1. Taking every eigenvalue of the Cα gyration tensor of the range A:404-535, multiplying by 5 and rooting it, what semi-axes result, largest first, whole Å?
2. Can you compute the equivalent ellipsoid semi-axes for the range A:1-149, i.e. the square root of 5 times each eigenvalue of the Cα gyration tensor, sorted largest first and rounded to whole Å?
3. How many Cβ atoms of partner chains, on average, are near each residue of A:57-69 if near means within 10 Å of its Cβ?
4. Which value results when the Cα radius of gyration for the range A:282-342 is divided by 2.2 N^0.38 Å?
5. So for chain A, averaging the separation of alpha carbon pairs under 8 Å that are six or more residues apart and normalising by length, what relative contact order in percent results?
6. Rg over Rh of the range B:224-334, using C-alpha atoms and the Kirkwood radius, what does it come to?
7. By counting other Cβ atoms within 10 Å of each Cβ, how are B:Thr282, A:Thr218 ranked from fewest to most?
8. Relative contact order of the range A:412-535, please, whole-number percent, based on alpha carbon pairs below 8 angstrom and at least 6 residues apart.
Amino acid sequence: MALAFDEYGRPFIIIREQEQKTRLRGLDAQKANISSGKAVARILRTSLGPKGMDKMLQSPDGDVTITNDGATILEQMDVDNQIAKLMVELSRSQDYEIGDGTTGVVVMAGALLEQAEKLLERGIHPIRIAEGYEVASRIAFEHLERIAHKFEFGASDVEPLVQTCMTTLSSKIVNRCKRSLAEIAVKAVLAVADLERKDVNLDLIKVEGKVGGKLEDTELIYGIVVDKDMSHPQMPKQIEDARIAILTCPFEPPKPKTKHKVDIDTVEKFQTLRQQEQKYFDDMVQQCKDVGATLVICQWGFDDEANHLLMNRNLPAVRWVGGVELELIAIATGGRIVPRFQELTPEKLGKAGLVREKAFGTTKDRMIYIEHCANSRAVTIFIRGGNKMMIEETKRSIHDALCVARNLIRNNSIVYGGGSAEISCSIAVEAAADKYPGVEQYAIRAFADALDAIPMALAENSGLQPIETLSAVKSQQIKENNTCCGIDCNDVGTNDMREQNVFETLIGKQQQLLLATQVVKMILKIDDVISPSEY
Amino acid sequence: MDYLADFGAKLGLHMNVLKSNSFMAGDHDVETILSSTQLSRGTMPFQYLDIPLAVERLKNARTILNVLAQYEELSNQYVNCDKSTIYFDKHDIHKREILCRLAITDGQLSFMYLRVSLFVGVPRKSHLEPIADQRLFKDEATEEKGERARMASFVGAVAIADLVKTTLGPKGMDKILQSTGRGHSVTVTNDGATILKSLHIDNPAAKVLVDISKVQDDEVGDGTTSVVVLAGELLREAEKLVHTKIHPMTIISGYRMAAECARNALLEKVVDNKLDAEKFKTDLMKIAMTTLSSKILSQDKEHFAKLAVDAVMRLKGSTNLESIQIIKKPGGSLKDSFLDEGFILDKKIGVGQPKRIENAKILVANTAMDTDKVKIYGARVRVDSMAKVAEIEVAEKEKMREKVQKIINHGINCFVNRQLIYNFPEELFADAGILAIEHADFDGIERLALVTGGEIASTFDNPESVKLGHCKLIEEIMIGEDKLIHFSGVEMGQACTIVLRGASPHMLDEAERSLHDALCVLSQTVNDSRVLFGGGWPEMVMAKAVDELARKTPGKKSHAIEAFSRALVAIPTIIADNAGLDSAELVAQRAEHHKEGSTAGIDVISGSVGDMAELGISEAFKVKNAVLLSATEAAEMILRVDEIITCAPRRREDRM
C-alpha cells in the first residue's frame, strides 16, 4: 500500500495524492475485471440465436435504437468501465473483420472469463490460465478446420450462399422475409465480386433506406439511388441513354484562392464585368452541352441563373450530391469525376441506360435512380420498412448478410451452425486436455466448458432446457461421430444442422475463437487497476 | 479539538474542516466549539448514502436496530451482523451493551474495505461506489432488464395508445395541445399524428409508437390514430400472454401468422371499381366522407368530401399533394370554403399596375430584381469622386432598365418573381402596363409554373426559348378582408386551390389537417383503387379469419393468434365506446351478423348495427393494410426487447 509507517508508528505517504485515486490490486483486480467483463457478456447473452431478444437503447439525445446486433448494442451503450470498453472493442473488431458473430464473440469471452474466475479461486496463476487458453484455442482452431466443409458455388448456383445468409438473417427482426433479403444480399455481393481474385469491395454496395412501405418492398437496384431531386422542378424526370457529366466544381464564377480585388472605378469597367459574368455562365453550360452530356451531376450548388440556363438548354442537373455518392456514380457509369469545366471531354462522361426520378408517399420525397449503367459493378440495396428503427435494423442486418456472403467468396469453407461447431470443438478440446501435463490441463478443460456456453445460451434463449439439451446433443455427436448436431432452436424436429441448412463461415467462427481468447488473455494479465476517483 | 488533530494524525489524513460537519452530542459549549473548529453544524438526521443514520443520539441498540432495518429496507440487502463492524464515538458509554445485543464486532479505524482505506475525512458516497458496485455505465445511464424492461415498454406503449384512444371514430373527442414555447400557442385536434408529434415522450417504447404514427401520416395520411391504438391493443394482449408464461418469441410468431391471415382475409373482401369511373368516383366520395366524419369537418362532410374528391381527381393519378394549395382565411363559416379551379396567390398587385388582365401571358421568374449583384468574386466598387458615384449609379440603373426591357420583350403582361422587386423596376413595369408580383414564395412559384404551364426563368436573353405561362384572366379578388390575386382559366388543370373559411385560426388549422388527411387518402386510393367497407367491418372480417386460424393452429401459438383477434375487435369496441354506445352489445350483435358474411358494421350515428354498403361508409384498402402491417411490426419490435439501456441525457444549457 501507499501508506507506510515509520519506526514511531507514524504514517507517511509513498505515492502522492493517493487519496484521490482508487486502486485495485492482485486477485481483487482480476476478480473485479472478470466480473465487469461477465456483466457485459450477460447483457448480450439473451440476444444470441434465432430466438434471441432485442435491446432497446436510448441515446443521450433521446433517439431510440432497437437491435440485437452485438456490435451496435455495445457501441451505443455508453460504457464507462475499462474492461467493459475492452469488450466493446472486441465486438467492434469482429465487426470490422468479419461483420457477423459480434454477439457470439462477446458471449464466448464472457464464458472464458467465468471459467477463469473459478480457476483463479483454486489458486492457479493467471498467466498459466492464459497459456492454457492459448493452447486450447489453437486446438479448437485446428479442429474447426478439420470439420469444415467446402462447398462449391458458381455464378449460377447461389443456393448455398443464400442459405448461409439466411442463417445470419434468421436471428434478426427481419427474419420474416429472410429468404428475399438473403437473395438480395447474395445478388448484390455477386454483382460487385471479383470471383477470380476472390475479393469483394463492399464499398460498391450502397445501402439506402426510406421510411414507408413494407419490408417486402426492399429491392436490389443495379445502379445507384441518390436521395436528391432535379435542381429545377421542370426538368425532365426521365432520361434514357444518359451521358452523365460528373462535376466537382460549382456552377458559379470562379473563386481563385489567391487574394485579389477587382476594382470598379469607371462605368465601362462595370459594364464589361457584367458581360464577362454573363459569358461565364453561358460558357459553363455550353461546355457541358458541347461534350454531349445529357445529365449533369454536381457536388455543389448552382446559381439561379446557371440553373435556368441549364433548364433552358434542356440539360437536366442534380446538385448537392455527396462525395461518396459521386464516386459511386462515377464507378457505376464508368465516368470520370471532372474538377474543372475546361477538362470536360466526351470520354470522361459516364453512361447510364436510364435515369429517372421516383416519388414516394404523400410527402415530397423524391429519389433519383440511375440504372442500366455502363459498368454495373455498383449496386444499391433500397430498403423500405414501417419505421425508422426498422430500417436502421434492416440496414445492419443486410450489412451482416453482405459480410457473410463476402467471406464465403473469399473462403468457401463453412461449418455448421446452431452451436454444433462449438460442441464439436468442446469435445475435441476436452479430449486433448488429458494429453497436457501440468496446470494448463485445467485451463484447457475450462476452455472446453466455456465453449459449451454458446450452445447453452442458444438453447436457453429458445426456451429449451439448456443442460439437458446440450448433454443430449453432445452425446449424440460422440455416438454418431457426427459434427453437424446442434441445438434445434426453431423446433423443427431434427438436430442435424445439415438438414436445417444452418451454416456459418469458417473464418467467422475461427476469428471469434481467436479474438475472444486474446481479449481474455489480456484481461487476465491485468493485476493492478489505478483510476482517478471522480469528484 | 485535540481529539480531532489526533484523529487526523492517526489516519495520515487531514480533516477538511470546510467539508466536515460536527454532530453535537450534548448541547453545552456548542457555540465555542463551532467557532474554534470552524466546523459547520450538522443537523440531525445524519445522512449517509442518503439514508438517515443517526436519527437521534445513538443511545441504545434499539435505535441502531431501527436504523439498520430502515437501511435494509432501502437497499434490499440484509445486514449480516457477523460480518459487520460498528464504529463508535469514543465517548459512547453504551458501547459494550450495544455490542452484546447486536453481536457486531467493534471496528477499528481506519476503516478498510477490500483493503482500501475508505474514509478520508468524512465518508462520502463516491468512496464506496467503485467497489461496492461494478459500474459499467457512465453516470445516469440506466439499464433495465427482463421483466422490468418489458413492463416499462408495455406500460409506455399502452399509455400512449390510451391517450389517443378517445379520439378514434366519428364521435371521438379532440385534444387541446398547448405548446411550451413562446406564446403558449394552442392546437385543438383529433389527428393522432399531430397529437403524438407534439408530445414530449421519454419512454422509448412510446417513441416507437409515435414513430409509426408519423410514418403512417407520411405514407397514407390517415389512420394515424388507429395504428397506435391497434399496436397498443396488441401489446396489451401480449402482456397478458407473457404473464401466463408464454415466451415473447412465440407470441411474435403467432402475431405474424395472424397478421398474414388477416391481410389475406382483407384481400379477399376488397372491392375494386377502377374500371367503372362513375362507381369509382362514388367510392372516393364515400372514402372522403368516412375520413372526414371523424374530424371537425363532419358537419359539412359532404361539401368537403366533394372538394377533396374534385381536387384529387384533378391530379390525374399523381400523389404530389403540393399542387393542391390550401389557403386559410379566418372569417365566414366552414360552409363558405370553396375549391377554385384556378390558382390563388396570396399577394398584392403592385401600385399603379392593372388590376385585371385578360388573356395573360405570364413569365414566372426567379431572379434578383433589386440591385443586380456582380457575382464575380472579389469585385468591388472603388471610386474617387462623387461624380463617379453618380455615373455608376446611372450605369446600375441602366443595367436594371435593360433587364426590365428584356423581360418586357418577352411580350408578357404579367411578371411573377420569387424574389423582391424594388421600387424602380416596379415602376418600369407599371409604365409598360405589366402586372408585377413580387416575393411569391417558392411553393407558390412552382405551383404557378405548374398551373400556367410556363417555366421558371432566371435569364432573359433569348425570349423565344422561354416558355411563357398563359391564363385567361388575372384579377384581384377579395376574400374576407384580404385581397388576393386570382388566376383563372389556366392551361394545365393539375393544380387547384382550396380556400378554407372558418371562425377561428384553430378551427382552420384543424380543418386543414382534416382536409389534408382526406386528400392523402384519396390520392393514395386513386393509385390503389381497392376499397373496403368501414365502421369496424374490416376488423370483424379479420378477427373472424384470425379466429379460424387459431382453431386450426396447434401449440402455444394459437393463444397469440387468438389474442390478435381480440386486439382487432378492440377497435370497433373503442369506436362504439367513444360514441357512448353499449359496445359489448353492439359488437356481439355484429359478430352475429357476420356469420352470414354480410356487410354489417357499427352505425355510430343511429347507435345500432347497420349495413355499411347502404350507409356508404368505405375505407381505402391501402390505409387498413398499412395500419395492420405497421401496428404488427411495431408490436413485434417492442415485444422482442428484453433490455433497455438508457444513456445519460446530454446536458443542455437551460435557455429559458
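Rule-based calculations on the coordinates, nothing more; no lab input. On a predicted model such as this, the values are computed, not experimentally measured, just so you know. Every residue, glycine as well, gets a Cβ built from its backbone with ideal geometry; the counts of neighbours run over all protein chains shown.
1. Here the semi-axes work out to 29, 20, 17 Å.
2. Result for the range A:1-149: semi-axes of 36, 24, 12 Å.
3. The mean count of partner-chain Cβ atoms within 10 Å per residue comes to 6.
4. Here the Cα radius of gyration is 1.09 times the empirical estimate.
5. 26
6. 1.13
7. Going from least to most buried by this count: B:Thr282, A:Thr218.
8. It comes to 31 percent, rounded to a whole number.
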